[in-house]
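So the structure is just underneath, and the comments pick up after that.
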Amino acid sequence: MAVATLTISSKNYSSWSLRGWLLCKMAGLDFTEASVDMDDTKARQELLLLSPTVLVPRLTHGAVTVWDTLAIAEYLAEIAPNAGLLPRDQATRAHCRAVSGEMHSGFYNLRSALPMNLKARHEKFKIFSGARPDVEHIKAIWTECLDKYGGPYLFGELSIADAMYAPVCTRFRTYAVPLEPKLQAYCDLILQWPLMQEWFAGAMAEPDEIVELEVEF
């Protein structure tokens, strides 16, 4: 069996690392975590620029090296077809890919205004006007998926889409974004997911060392 290593950065701050890690766990991949040095300039750039492709996550699996979160997702779906990362129905699968791709390439204002910080809580955080359309659009995506596929996850069963939007659930909690009951229930479900609880434990044990990301936008 090929040896797998997933290279990640900060568990507290890196939403892309969280997505890649969740996907590997969901695929049932036996992998070793490797952390980049947070004093490394490129690693800090990945966090501060909120980019999905600068450095991490990076999966090395035998002779294969794949980076970029969606590329990792598609690779895992290929090697673990029974893991259910993508829905079985073709039309549903296309929808799942579309909303996952939208999370991957969009919502820049949301990323900038509400950076992931699992240790922080801002009960009276004012979201600047540029980020509000992103928040509302995510709410619309969640509502459509939950209504169409019946929940409790975006496409009924756990899928790539839930891994892609999991960091958004943490952001909504950190910045006390109000949600209607159905969307709050989805958020709570993701936050209570045992894999998320495992990641949170790692984040809580992480030293507070990236002072740039403590800024309130």
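Scanning the range 169-179 for residues that are farther than 23 Å from L23 by Cβ and in contact (Cβ under 8 Å) with a residue 24 or more places away in the chain yields Y175, A176, V177, L179.
Of all the listed residues (A91, A166), the sole one being among the small types (G, A, S), part of a helix (DSSP H, G or I) and in contact (Cβ under 8 Å) with a residue 40 or more places away in the chain is A166. Mind checking whether some residue in the range 147-157 is on the phi > 0 side of the Ramachandran plot, in contact with a helix residue (DSSP H, G or I) (Cβ under 7 Å, 6 or more places away or on another chain) and touching a residue at least 60 places away in the same chain (Cβ under 8 Å)? Looking for residues that are on the phi > 0 side of the Ramachandran plot, in contact with a helix residue (DSSP H, G or I) (Cβ under 7 Å, 6 or more places away or on another chain) and touching a residue at least 60 places away in the same chain (Cβ under 8 Å), one finds at least one in the range 147-157, hence yes. Checked against the criteria, T60 does not count as at pLDDT 95 or above and either among the β-branched types (V, I, T) or assigned to a loop (DSSP other than H, G, I, E, B) (or both).
Name the single residue that is surrounded by the most Cβ atoms within 10 Å (Cβ to Cβ) among those in the range 70-88 being in contact (Cβ under 8 Å) with a residue 12 or more places away in the chain and more than 24 Å from Y149 (Cα to Cα). Only one residue fits best here, namely I72.
The values are calculated or read from the model by the stated rules, or taken from the named source; none is laboratory data. Everything numeric here is computed off the predicted structure, so don't read it as measured data. FYI the Cβ positions are ideal-geometry reconstructions off the backbone, even for glycines, and counts take in every protein chain you see.
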